[in-house]
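The values are calculated or read from the model by the stated rules, or taken from the named source; none is laboratory data. Model, not experiment: these values are computed from the prediction. Positions of Cβ are backbone-derived with ideal geometry, glycine not excepted, and every protein chain shown enters the neighbour counts. Quick note on the areas: whole protein, heavy atoms, side chains included, nothing else; ligands and nucleic acids left out. Shrake-Rupley method; radii C 1.70, N 1.55, O 1.52, S 1.80 Å.
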2 protein chains.
Amino acid sequence: MTVHQTSQLSRYPIDALTALLGDVPIITDRTIVRRRSRDFFWYSPILAEELKAVAGDIIVRPRDEADVIRTAAACAKLRIPLTVRAGGTGNYGQAMPLQGGVLLDMTDITGVVWQKPGVVRVRAGTNILALDQTTRETNYELRMHPSTKRTATIGGFVAGGSGGVGSVTYGGLREPGNILAARIVTVEEEPRVLELRQDAAQKVNRAYGTTGIITELEMPLAPAWPWIDVIAAFDTFEEAFEAGRAIAHADGVVKKLVTPIAWPIPGYFGSLKSACPEGKAILISMIAEPFLESFRAILGGRGTITYERPSEEGPGKVPLYEFAWNHTTLQWLKTDRSITYLQLLYPHDRLAESVAEMMALFPDEVLPHLEFIRFAGNITCSALPVVRYSTPERLNEIIAMHEARGVFVANPHVVSLEDGSRHKRADADQLGFKADVDPMGLLNPGKMASFVAVR
Amino acid sequence: MTVHQTSQLSRYPIDALTALLGDVPIITDRTIVRRRSRDFFWYSPILAEELKAVAGDIIVRPRDEADVIRTAAACAKLRIPLTVRAGGTGNYGQAMPLQGGVLLDMTDITGVVWQKPGVVRVRAGTNILALDQTTRETNYELRMHPSTKRTATIGGFVAGGSGGVGSVTYGGLREPGNILAARIVTVEEEPRVLELRQDAAQKVNRAYGTTGIITELEMPLAPAWPWIDVIAAFDTFEEAFEAGRAIAHADGVVKKLVTPIAWPIPGYFGSLKSACPEGKAILISMIAEPFLESFRAILGGRGTITYERPSEEGPGKVPLYEFAWNHTTLQWLKTDRSITYLQLLYPHDRLAESVAEMMALFPDEVLPHLEFIRFAGNITCSALPVVRYSTPERLNEIIAMHEARGVFVANPHVVSLEDGSRHKRADADQLGFKADVDPMGLLNPGKMASFVAVR
């Protein structure tokens, strides 16, 4: 893989581009461009090395869809790569411009287009927390969000994510109904604006922005419950897992997060330390307030509730979900970069056995952090275990050993969709669709590795 | 079992009772009392014979909880049995007064006490359709309702039902969180009013009114979607089943009903005849409007959609759910009383195999009608097959053959909770609780057969 490094002499006609862009806002300051060309790729020691020099040539900040179209047309005419970016919260370089060119910063294209009960139409650059605050006025919120909700955008979530807080109830973004429509701009000399509805919308899901520039999304909403953040501590990880499984299977208990985490991971949860007793496994949950009593009854005598308070996510607050999903990994990385992680999907029909098998296989090397989710209608676990990192060879060996035993791995240590996404991919013909909407292969080149430009 | 028949000379001191009741409204007209002592027990040819003479002595129609307390006190003082009744939509004599006495008609105790987002507190005699119409003003509705929604009450549903339309998403009433609280009146000379919250509320769930008189319920609400009634027709029942299974497993598709039904059952669906082609199996569904496109995509090329319109349940309308759950059976019984039915629960981990096994075992005798539901967190099928009835012995043989093969049967041909309810029962100590709230065993005597009066 070759990566493009920014230099005063770009290989692209940037001056010609700015002329075509007219008054569309741009940023050319090399320090800023370089900084915004990065995401949280450094979670992976492999990508940290591989992508460290990646940078775009120029940031374009469209104010509206017309600016997006103008930029797409200009890039098509001049054959300049165009990589869409927003919150920059990805973990494997989803929005990093491997071949330089334009970074299209979508964060000024914001706001709700319309809302009806249970459905919202929103501009792609809208921050997810801001979106939930808007829809919450009518007692609705998004079905699911990443643990990066406070900084991420809805467009970035759909383009680079796969699920998260809420997937224990609704499954991932790939499930039919979890993305109702996407409006995209194609990258051609005369860009088209396409409305992709229902199944067709899956063509932009987790495609890292390679299959059109998303400008609007139509998303289903769920009731906005008052959420309670809860931590329960257990003597063993097995007990935390079993309690979590009982909660995950309780269809009458409205929940958004059910996360068993093995010691010593909670030892790195700085501000939560008092709720994470030394040596104990924990179960992190978000439960709708009216069902907290049911939650406690299901726990029965198991474990000790060490933390219980209304979830708050405004300025100065730290919601519990920032200790779950890939924020769990981040909490440890804050003080110790010797570890990394994996993204697993356990088989639903032998979940407990499979989790136990992996724990026995890698004691002290792969530390369990599970996320209960629905996947294709069944309760199972996604997992983001903390891995004590040694070498790339050993990491690949660990991955192979999981796969050989029926645990799916979405490898977060590679940049291409084909190698990385696996079970998170939508069942949609993204490759075929790209030929239609980005025939020159200018969108985020290098990410959809199997694509060959058609003209 | 001895049953009490109404007569001019009651074995109970009815005059003393009316004196104690004061101005509490009563009905003593024997024709009315006899008629209101019945429910839809005649779905069972066995119960039809066994219960045909059952009648209470007097109907009491409390106007409020104070009237209920007064009636409970009077019955306790005079040792008169008290059987609570409302819409009378039960199918196995749940509210039929086996030993006569007072029929407590709750249908005048109605109305919403309070509502907050996602939760409603409602008086027990409130009609379920009326309740949904009220909560719908704020875009909420009940999570689930019986197919008798238009005539049944919420109290009757909790006391005599187990789940229904909506259980494909939320499981049955027995799941933690599906009944948030119940307020009950005890039957003692000085009745107490108890508030049972969360798990404790399960003590009145499907207890046929034997464990206290429910006056109020606190129920969780779900978003009120615009529901679309859909029928798809298939060449074989297996195809209808597989399509239903795919829909049931689609966590992103909001649904309330997924019902595969074998031919010739739809041949009895009078007003729906044009949507039920000769010889075809059908799949009945209720899908939230924004997800109809996803629903169609999941069907793919399978089947033919023969019916698709917004669900309407007002006067003069027939919602599709009145062809599902035990209304399916009713449609056939309208013109032919030679059939009856069973209530089954299939094992989730070998669902398709088990359904196929039963079909092979009883061709043309037990005709498949399945209801996809969640049960303890897993997708499986409840079933109300139409049974071509011959003798009680053969019916019991069919039941035994199901049970021997791992299919649970909640026998709808018996009156006692112990024999009938099985997998529908809540995991709560209803027997022990009855000793506390009805120590003389006056509430609906004969239904909780294992109870012995404690004083």
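At a glance:
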read-out	value
All positions within the range B:198-217 that are touching a helix residue (DSSP H, G or I) at 6+ places or on another chain (Cβ under 6 Å) and within 10 Å of another protein chain (Cβ to nearest Cβ)	B:Gln198, B:Asp199
In the range A:148-163, the residues that are away from chain B (no Cβ under 14 Å) and buried (at least 23 other Cβ atoms within 10 Å of the Cβ)	A:Thr148, A:Lys149, A:Ala152, A:Thr153, A:Ile154, A:Gly155, A:Gly156, A:Phe157, A:Ala159, A:Gly160, A:Gly161
When residues of the range B:251-270 are limited to those that are buried (at least 24 other Cβ atoms within 10 Å of the Cβ) and in a loop (DSSP other than H, G, I, E, B), the one farthest from the other protein chains (Cβ to nearest Cβ)	B:Val254
Residue in the range A:317-347 that is nearest to the other protein chains (Cβ to nearest Cβ), counting only those that are among the hydroxyl-bearing types (Ser, Thr, Tyr) and buried (at least 20 other Cβ atoms within 10 Å of the Cβ)	A:Tyr346
Subset of the range B:75-119 (residues that are under 19 Å from B:Asp438 (Cβ atoms) and among the polar types (S, T, N, Q))	B:Thr83, B:Gln94, B:Gln99
Qualifying residue in the range B:371-379 (condition: modelled with pLDDT of 95 or more, among the aromatic types (Phe, Trp, Tyr), under 30 Å from B:Ile261 (Cα atoms) and out of contact with any strand residue (DSSP E or B) (no Cβ under 7 Å at 6 or more places or on another chain))	no
Meets criteria (open to solvent by 20 Å² or more (accessible area, probe 1.4 Å) and part of a helix (DSSP H, G or I)) for B:Arg63	no
So B:Leu103, is it part of a helix (DSSP H, G or I) and away from every other protein chain (no Cβ under 14 Å)	no
Count - residues of the range A:348-406 that are within 14 Å of chain B (Cβ to nearest Cβ), open to solvent by less than 10 Å² (accessible area, probe 1.4 Å) and assigned to a helix (DSSP H, G or I)	1
From B:Glu189, B:Glu218, B:Glu195, residue being in contact (Cβ under 8 Å) with a residue 40 or more places away in the chain, closer than 15 Å to B:Asp436 by Cβ and not β-branched (Val, Ile, Thr)	B:Glu189
Residue tally, condition open to solvent by 70 Å² or more (accessible area, probe 1.4 Å) and not aliphatic (A, V, I, L, M), over the range A:8-35	10
Residue identified as closer than 29 Å to B:Thr89 by Cβ and either touching a Leu at 6+ places or on another chain (Cβ under 6 Å) or open to solvent by 10 Å² or more (accessible area, probe 1.4 Å) (or both) among B:Pro277, B:Pro310	B:Pro310
Those strands (runs of 3 or more DSSP E) lying entirely in the range B:107-199 with at least 3 residues closer than 23 Å to B:Tyr321 by Cβ	B:140-142
Subset of the range A:200-218 [open to solvent by less than 10 Å² (accessible area, probe 1.4 Å), within 20 Å of A:Gly111 (Cβ to Cβ) and outside any helix (DSSP H, G or I)]	A:Ile213, A:Thr215, A:Leu217
Hits in the range B:419-455 - residues which are in contact (Cβ under 8 Å) with a residue 24 or more places away in the chain, under 26 Å from B:Ala55 (Cα atoms) and surrounded by fewer than 20 Cβ atoms within 10 Å (Cβ to Cβ)	B:Asp419, B:Pro439, B:Met440, B:Ala449, B:Ser450
Matching residues, the range B:175-197, being surrounded by 22 or more Cβ atoms within 10 Å (Cβ to Cβ), among the charged types (D, E, K, R) and within 14 Å of chain A (Cβ to nearest Cβ)	B:Glu175
Answer from A:Val168, A:Val122 - the residue that is within 14 Å of chain B (Cβ to nearest Cβ) and open to solvent by less than 10 Å² (accessible area, probe 1.4 Å)	A:Val168
Residue within the range B:232-239 that is within 14 Å of another protein chain (Cβ to nearest Cβ), touching a Pro at 6+ places or on another chain (Cβ under 9 Å) and open to solvent by 10 Å² or more (accessible area, probe 1.4 Å) present	no
Selected residue (only one of A:Thr134, A:Thr110 is open to solvent by 10 Å² or more (accessible area, probe 1.4 Å) and closer than 18 Å to A:Ile59 by Cβ)	A:Thr110
Index of the failed condition, B:Phe40 passing every other in (1) touching a residue at least 60 places away in the same chain (Cβ under 8 Å); (2) open to solvent by 30 Å² or more (accessible area, probe 1.4 Å); (3) touching a Gly at 6+ places or on another chain (Cβ under 6 Å)	(3)
Number of the exception - B:Val68 against (1) outside any loop (DSSP other than H, G, I, E, B); (2) at positive phi	(2)
Unmet criterion (only one of (1) in contact (Cβ under 8 Å) with a residue 40 or more places away in the chain; (2) away from chain B (no Cβ under 14 Å)) for A:Thr134	(1)
Filter result for A:Asn127 (touching a Pro at 6+ places or on another chain (Cβ under 8 Å), free of Cβ contacts under 8 Å to residues at least 60 places away in the same chain and not basic (Lys, Arg))	no
Extreme residue, least open to solvent (accessible area, probe 1.4 Å), among residues of the range A:280-305 that are farther than 20 Å from A:Leu384 by Cβ and away from chain B (no Cβ under 14 Å)	A:Gly303
